[in-house]
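Reading through the structure tokens given below for one structure.
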Amino acid sequence: MIKFVSRSKQVVARATVLPFLVRIGIAVSGLVAVYVAWPLDIASGPYGALLGLSALYPAVAPRGRAATLAALVVVAGWLVDTVGFDARVALWRVLTIATTLYLGHTLTALAAVLPYDAVVNLDVVGTWLARALVVVLISAVLTVVALGLATDLAGDAFLIATLAGLAGAVGATLLLARLIRRA
């Protein structure tokens with residue numbers, strides 16, 4: 001325990017601004033995602049602190065499985081709220097959860113390769129965030145368009161489009177897995 005405390009003091013003393021801000025972005029994204037996904041009764045109760053710690057974990061340890069764990073906690077909260085508590089699915093919640101999960105994930109990937117004491121040009125982090133925000137914006141627009149089309153295409157056409165989309169996603173995943181294995 002003493003070694004952990006001394007190591008933590010060293011990390012805090014040597015940390016530079018941009019890597020620290022990236023980790024703050026991870027923490028904020030995780031906290032927003034967790035507390036939007038989970039029902040208010042649970043998030044404000046005694047389990048709220050555990051949920052908050054699970055959201056902060058990727059900011060502290062970005063190189064491990066922390067981002068996956070945090071994302072699974074968010075998804076579990078969404079399922080508990082919509083299935084267990086029978087909450088209505090609201091567009092703002094879906095977009096908020098998707099956006100914060102993506103931003104948290106991409107910032108965790110950046111933090112995993114960015115040492116806490118690195119001197120980094122602002123353009124590196126700025127370009128990374130700009131690309132992430134473009135992805136978020138395009139995804140949000142496509143989500144709203146898809147939801148609009150879903151109401152117009154209810155029935156057999158919607159089912160066929162859903163199955164075709166799932167088949168395309170599986171095909172792309174298999175292709176990428178094969179290409180990665182060849183490399």
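Could you check Leu176 against (1) in the same structural domain as Leu21 (by TED's automatic domain parsing); (2) surrounded by 10 or more Cβ atoms within 10 Å (Cβ to Cβ); (3) within 22 Å of the chain's Cα centre (by Cα) and say which number it fails?
(1)
Kindly provide the set of residues from the stretch 131-149 that are of a type in the set (Gly, Ala, Ser) and loosely packed, with under 11 Cβ neighbours inside 10 Å, ordered by number. Step through it out loud before you land on a result.
So in the stretch 131-149, the residues of a type in the set (Gly, Ala, Ser) come out as 132, 139-140, 146, 148.
Residue satisfying the conditions is Gly148 alone.
Tell me whether the stretch 21-42 contains one or more residues that are more than 16 Å from Ile97 (Cβ to Cβ) and of a type in the set (Ser, Thr, Tyr).
For the stretch 21-42, residues more than 16 Å from Ile97 (Cβ to Cβ) and of a type in the set (Ser, Thr, Tyr): absent.
Only one of Ala71, Ala66, Ala87 is touching a residue at least 40 places away in the same chain (Cβ under 8 Å), assigned by TED's automatic domain parsing to the domain that holds Val17 and surrounded by 15 or more Cβ atoms within 10 Å (Cβ to Cβ). Can you tell me which? Explain how you work it out, then say what you get.
Numbers: Ala71 fails: touching a residue at least 40 places away in the same chain (Cβ under 8 Å); Ala87 fails: surrounded by 15 or more Cβ atoms within 10 Å (Cβ to Cβ).
It is Ala66.
Does Ala111 count as in contact with a Lys or Arg (Cβ under 8 Å, 6 or more places away or on another chain) and surrounded by 15 or more Cβ atoms within 10 Å (Cβ to Cβ)? If you could, list the steps in order and put the result at the bottom.
Numbers: in contact with a Lys or Arg (Cβ under 8 Å, 6 or more places away or on another chain): yes; surrounded by 15 or more Cβ atoms within 10 Å (Cβ to Cβ): yes.
It is true that Ala111 is in contact with a Lys or Arg (Cβ under 8 Å, 6 or more places away or on another chain) and surrounded by 15 or more Cβ atoms within 10 Å (Cβ to Cβ).
The values are calculated or read from the model by the stated rules, or taken from the named source; none is laboratory data. What you are looking at is a predicted structure, and each value in this text was computed from that prediction instead of being measured. Note: ideal-geometry Cβ built from the backbone for every residue, glycine included; neighbour counts use all protein chains shown.
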